[in-house]
Amino acid sequence: MTDIDAHAMWLLKNVDWYFVACEETRVYLGALGIPSETIFVTGIPIDPIFGVEKPRMETRLRLGLDPDKTTILVSVGGFGVGPVESLVQTLHEIRHPVQMVVICVVTPGWRPG
């Protein structure tokens, strides 16, 4: 599981092992009846490249960002679930100059409508 929380859609029959991000998730799965000997706390797999420090100013310029503005990263997950409308409304209420980087996942075949 590559999130902190365990989603119901990931709980399947005939699974040999569950690898979870934290102890709390292990306890939760155990409470759902998953045998504790099949649950391993291994953390979230992250590519080591994300641990390499990069020069802030140079990186922002390379990405086309204003190095002097506050940057907000918006990511709501692959299914777009959650209070997305509330999040957008709150972002519209910000009264000082900011820039946003929004991660969007578009499902193949999806059309706005």
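Checking each residue in segment 16-31 for being out of contact with any strand residue (DSSP E or B) (no Cβ under 8 Å at 6 or more places or on another chain) and outside any helix (DSSP H, G or I) picks out only 16. Could you check residue 65 against (1) modelled with pLDDT of 95 or more; (2) loosely packed, with under 10 Cβ neighbours inside 10 Å and say which number it fails? The single condition residue 65 does not satisfy is (2).
Scanning segment 1-31 for residues being surrounded by fewer than 10 Cβ atoms within 10 Å (Cβ to Cβ), of a type in the set (A, V, I, L, M) and more than 19 Å from the chain's Cα centre (by Cα) gives a total of 2. Checking each residue in segment 32-60 for being exposed (fewer than 14 other Cβ atoms within 10 Å of the Cβ) and part of a strand (DSSP E or B) picks out only 40.
The values are calculated or read from the model by the stated rules, or taken from the named source; none is laboratory data. Quick caveat: nothing in here was measured; it's all calculated off a predicted structure. Every residue, glycine among them, receives a Cβ derived from its backbone with ideal geometry; neighbour counts consider all protein chains shown.
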